[in-house]
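Structure, as structure tokens:
Where a number appears in this text, it was derived from the coordinates with a stated rule and is not lab data. This one's a predicted model, so the numbers in the text were calculated from it and none came from an experiment. Here the Cβ positions follow ideal geometry from the backbone for every residue, glycine too, while neighbour counts run over all protein chains shown.
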Amino acid sequence: MSKKIKVLTLSDHPLSPSGVGTQTKYFCQGLLETGKFSILSLGGAIKHDNYNQIMVEPYNEDWRIIPIDGYGTPEMIRSVIKTENIDIVWFMTDPRFWDWLWMMENEIRPHCPMVYYHVWDNFPAPKYNRNFYMSNDHIVTISKLTNDIVREVAPEVPRTYHPHAVDPDVFKPLPPDVVAKLKDQMWTSQGHDPDKFTVFWNNRNARRKQSGSLIFWFKDFLDQVGHDKARLLMHTDPNDPHGQDLVAIIKDFGLNKDQVMLSTSKLPAENLAAIYNVVDVTINISDAEGFGLSTLESLSCGTPIIATMTGGLQEQVTNGVDMFGIPLYPSSKALIGSQQVPYIYEDRLDKNQVVSALNKMYALGNEGRRQMGLAGLKHVHTNYNFNTYRSKWAEIMEKIYNSRGNYTSVVFKEVA
């Protein structure tokens with residue numbers, strides 16, 4: 001049997017419920033199912049009960065996970081690459097976490113290619129990321145917007161557009177009788193109207209997610225359709241230190257528990273899929289969103305979406321011809337930034353846009369929303385196919401492995 005290609009992954013823990021962790025898991029499974037790869041994952045970004053190495057069933061020695069703090073250190077990477085004979089280093093999430101890794105490119109790339117799974121939220125093209133991009137052998141881009149940005153900033157670097165996917169065995173439309181039972185469990189048994197128009201928001205309570213604005217504007221929507229006609233279900237941490245105090249907002253705006261409901265427990269994917277099936281629409285009004293997994297999960301369950309036309313969201317709500325929800329085009333763009341990210345657009349929305357979109361979705365009725373959701377489901381199966389996601393990753397990584405050896409740290413410059 002020929003040698004298996006050994007991949008080192010750096011990301012959130014692949015068995016954690018985060019979006020980065022889940023996509024890493026799907027990536028690993030796709031490679032391992034070919035029988036051509038073995039994987040060592042450094043699983044970070046969560047608090048661990050212990051730091052014991054684990055072997056993932058049914059792959060055993062072919063997929064080992066070492067829990068770590070953060071995303072690793074230079075010393076750790078040097079040791080792992082040397083002792084484990086790594087063939088490819090694969091890593092993902094925000095580039096701000098990887099400056100230390102890219103500073104090691106001269107140590108890493110002569111031995112194994114560096115493959116970065118990248119997302120960027122918005123234009124203007126971040127020229128300040130050029131050195132980061134140039135430090136990779138291959139960049140795989142999560143959205144078309146990210147792909148365009150990398151092409152503009154670092155056209156020399158090989159890249160492949162390859163968006164996220166969700167498991168259709170979990171996120172899928174459920175039979176009507178099952179949905180009816182779920183509604184009885186979620187609503188009727190708790191004293192709530194099972195047929196009330198329900199808007200679902202599943203995000204981290206962070207500033208760019210616009211959680212406070214959504215509650216504020218949802219009240220205006222209720223003023224128009226009737227305070228007993230709709231509810232907003234928010235699956236989030238209302239006390240997240242990076243977000244707003246949602247309990248205070250709900251109280252001070254005079255909203256009650258039947259109008260804005262908070263789901264605060266961490267839920268397995270199957271439970272989230274059940275929620276997508278019983279709600280009428282999933283909404284995301286972020287002013288910047290690299291991809292937006294909750295809207296893809298919703299469409300995969302046959303539930304339409306309302307989403308800002310920003311980042312990866314804009315590819316989900318429309319394919320350029322058909323609509324799988326209601327798009328919210330930015331009413332303005334603000335150029336914001338920080339010392340690490342000198343400039344990037346925030347896509348701002350207007351209250352009237354959001355309230356109008358809610359009214360339109362409400363007016364569609366059950367059948368109109370069902371038809372829109374089914375069209376979205378087809379869109380997911382065509383453009384975000386789960387099997388394609390995994391098989392294409394294997395093709396990408398095998399191709400990179402077979403073309404290794406092209407790296408050189410020598411740069412020739414013409415001297416006048």
As straight-line cross-link partners of LYS4, the qualifying aspartates and glutamates (C-alpha separation under 15 Å, not fewer than 8 residues apart within one chain) are GLU33, GLU61, ASP62, GLU84, ASP87, GLU395, GLU398
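Sorted from fewest to most neighbouring beta carbons within 10 Å, what does the list PHE216, PHE386 look like?
Placing the least packed residue first, the sequence is PHE216, PHE386.
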Give me the dipole magnitude in Debye, nearest 20, for region 176-384 about the Cα centre, with unit charges on the beta carbon: positive for Lys and Arg, negative for Asp and Glu. 80
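State which helices in the chain qualify, where a helix is a whole DSSP H run, it must extend 18 Å or more along its own axis by its Cα atoms, and its mean Kyte-Doolittle hydropathy must be at least -1.0.
Length and hydropathy pass: 19-32, 211-225, 351-383, 386-402.
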Compare ASN85, ASN131, ASN402 in a GNM of the chain, Cα atoms joined below 10 Å, and give the one with the largest fluctuation. ASN402
Here, ASN319 and LYS172, labelled 7 Å along Cα→Cβ, have an inter-label distance in nm of 2.1
Hey, in the GNM for the chain with a 10 angstrom Cα cutoff, which one of TRP217, TRP201, TRP120 fluctuates hardest? TRP217
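Fewest first, what order do LEU10, LEU40 take by the number of other Cβ atoms within 10 Å?
By the 10 Å Cβ count, ascending, the order reads LEU40, LEU10.
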Within region 211-229, find all residues whose amide N lies under 17 Å from a label point positioned 7 Å from the Cα of ALA248 along Cα-to-beta-carbon. 211-216
Suppose only helical runs count, i.e. DSSP H with n ≥ 4. What mean residue ellipticity at 222 nm does that imply for the chain under -39500 (n - 2.57) per run, divided by all residues and rounded to the nearest 500 deg cm²/dmol? -11000 deg cm²/dmol
From zero up to wherever the largest Cα-Cα distance of region 252-330 sits, split into 5 Å bins and tell me the percent of pairs in each. 3, 15, 23, 21, 18, 13, 6, 1, 0
With springs only between Cα atoms under 10 Å, which of VAL119, VAL321, VAL179 fluctuates most in a Gaussian network model of the chain? VAL321
Which lysines, on any chain, are close to LYS333 with Cα under 21 Å apart, when same-chain ones fewer than 8 places away are left out? LYS127, LYS144, LYS209, LYS351
Farthest toward positive dipole pole in region 224-362 [+1 Lys/Arg, -1 Asp/Glu at C-beta], among SER356, THR282, TYR329: SER356
